[in-house]
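What follows is calculated from the coordinates using simple rules that are stated; it is not laboratory data. Source: prediction; values computed, not measured. Please note: Cβ atoms are built from the backbone with ideal geometry, for glycine as well, and neighbour counts cover all protein chains shown.
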Amino acid sequence: MSDKDISFMHRALSLASRAMGMTSPNPMVGAVVVKDGRIVGEGFHRRAGLPHAEVEALLEAGNAARGATVYVTLEPCCHYGKTPPCTSALIDAGVKRVVVAARDPNPKVAGRGIKILREAGIDVRTGVLEKESRWLNRGFMSRMERGRPWVMAKIAMGLDGRIALPDGSSRWITGEDARHEVMRLRAWYDVVLTGAGTVIADDPQLTVRLPAHERQPLRVVLDGMGRLDAGYRVAESGTIVFSGKVADKANIAALKNKGVECIFYEGERIPPSFVLNTLLEKGVNTVMIEAGQGVISSFAGEDLIDELVVFVAPRVLGKGLSWIDVRLDNPLSSVPAWRLLDNRTVGEDVMLHYVKRAY
Ligand code: AOF
Ligand code: ZN
């Protein structure tokens, strides 16, 4: 694998990431066409339904694509979906070589894209910056390979690990800069998920308020006890409420009237797996949890949190709730450690980024 392959693939990955938060249920994909050592075409997949990355890059390259090398961050598709197969586009353009970062786990592709290119006489190299491409698309990979969305929990805590004051209030623990960072995270995730408790305590909007940002995450509220009413700010279209069996009929009607989608569960505690399955069917790749102790603990209790973004504010909250309540019976030596990916200061707060498993 030459250094050139790596550097062009870096470029393709950076193109792919321009569509961060925009492509779901599709993955983010970037492509670069290189002829005689020079980039002659670039493209990325902008959103589901629009052309795939390869097609955009080939279009820009025009005739220069003949005999060229194409770098693409995901195995080219070979199926008719919302758009025709990229394998045909590459073959028709007469490219000589294709370099792929990661295999596409979509059962409609799953290695067949690479096979078709090879059968057409194209030299195909795979696995160049594969880890990086899979990490960028951890949501898509998770949905395709594990059959569930990728789950990140965002936590804002004080120096003592608590997320609320003894009276339960929890708004504005962290500073302005951290709150801005949270907006950027919301912009990236397909879903922002919370519990009725947080909605009742804080009345959050859970939207992205950033200049020139077009897409809002789907908002999901877990309300097993039927405590929510249509007066809260999230009660509008673009929100799904999971209601337990005790939910009040009139309340549900009022929520629906405001455009909220209500999904019922025959119980009082909505199981995280039921929520994730429902979201999976809607093509959700990534979920960000912004909630209190109850919701976070129920997801953590079933080992459903893949990633943590923790903001630590420089103040002690004292006697309030901690972000998690799980019982660990193992000795300390066997308690699994999260892997620290990044740590930095954000205004007066510290941001810590952890992942449970390499993906
Ligand atoms: C590629 N290049 O840029 C993307 C690919 O419904 P469609 O036609 O958009 O197809 C969606 C599937 O195509 C998606 O699930 C994934 O397997 C693949 N995405 N493939 O060659 C791209 N976005
Ligand atoms: Zn394609």
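For the chain, what is the relative contact order in percent, using Cα pairs closer than 8 Å and at least 6 residues apart in sequence? Relative contact order for the chain comes out at 16 percent. Summarising the label geometry, the points placed 7 Å from Cα in the beta-carbon direction at Trp188 and Arg38 lie 3.6 nm from one another.
Note on region 188-314: Cα-only Rg and Dmax are 14.2, 44 Å.
Computed over every Cα-Cα pair of region 97-215 and binned at 5 Å starting from 0, the pair-distance distribution P(r) comes out as 2, 9, 13, 15, 13, 11, 10, 8, 7, 5, 3, 2, 1, 0 percent.
If the chain linking Arg66 and Met20 were pulled fully straight, counting 0.36 nm for each residue of separation and taking away their Cα-Cα distance, it would gain 13.5 nm. A simple spin-label model places the labels of Glu268 and Val246 0.4 nm from each other, with each point 7 Å out along Cα-to-Cβ.
Positive end of the dipole of the chain (Cβ unit charges, origin at the Cα centre): among Ile91, Phe299, Thr239, the Cα lying farthest that way belongs to Ile91.
Charge dipole of region 224-266 (Cα centre as origin; +1 on each Lys and Arg Cβ, -1 on each Asp and Glu Cβ, all else neutral): 60 debye, rounded to the nearest 20. Taking the average, over residues, of other Cβ atoms within 10 Å as the packing measure, peptides 292-301, 268-277 rank 292-301, 268-277 from highest down.
When the P(r) is computed for region 77-165, the part past 17 Å accounts for 61% of the Cα-Cα pairs. Beyond 15 Å, the tail of the calculated P(r) for region 270-359 holds 71 percent of the Cα pairs.
The charge dipole of the chain, taken about its Cα centre with unit charges on the Cβ atoms of Lys, Arg (+1), Asp and Glu (-1) only, comes to about 660 debye. For region 234-308, the C-alpha radius of gyration sits at 1.16 times the compact-globule guess of 2.2 N^0.38 Å, with N the residue count.
Taking the fewest neighbouring Cβ atoms within 10 Å as the starting point, the ordered list for Cys262, Cys77 is Cys262, Cys77.
Volume per residue for the chain equals 159 cubic angstrom (convex hull of Cα atoms). Bridge orientation summary for the chain: considering DSSP beta bridges with both residues in this region, about 40 percent are antiparallel.
Within region 1-64, the trypsin sites (Lys or Arg not before Pro) that combine a DSSP coil assignment with at most 14 other C-beta atoms in a 10 angstrom radius are Arg47.
If you model region 1-40 as an ellipsoid using its alpha carbon gyration tensor, with each semi-axis the square root of five times an eigenvalue, the axes come out at 23, 10, 7 Å, biggest first. A DSSP coil position with no more than 11 other Cβ atoms inside 10 Å describes the following trypsin sites (Lys or Arg not before Pro) in region 79-134: Lys82. Under the combined filter of DSSP loop state and at most 14 neighbouring Cβ atoms within 10 Å, region 273-328 retains these GluC sites (Glu not before Pro): Glu302.
Annotation: amide H-H contacts under 5 Å for Val124 (H modelled 1.01 Å from N, sequence separation of 5 or more, or interchain): Val98.
As a calculated quantity, the FRET efficiency between Asp92 and Thr278 at R0 = 41 Å, using C-beta atoms, amounts to about 0.50. Around the Cα centre of region 1-40, unit charges on the Cβ atoms of Lys, Arg, Asp and Glu (plus for the first two, minus for the last two) sum to a dipole of about 120 debye.
Projecting the Cα atoms of Val335, Val40, Ser14 onto the charge dipole of the chain, computed from C-beta unit charges around the Cα centre, puts Val40 farthest toward the positive end. The HN-Hα couplings worked out from phi for region 318-324 by the Karplus form 6.51 cos²θ - 1.76 cosθ + 1.60 (θ = phi - 60°) are x, 6, x, 6, 7, 6, 9 Hz, whole numbers, x standing for Gly and Pro.
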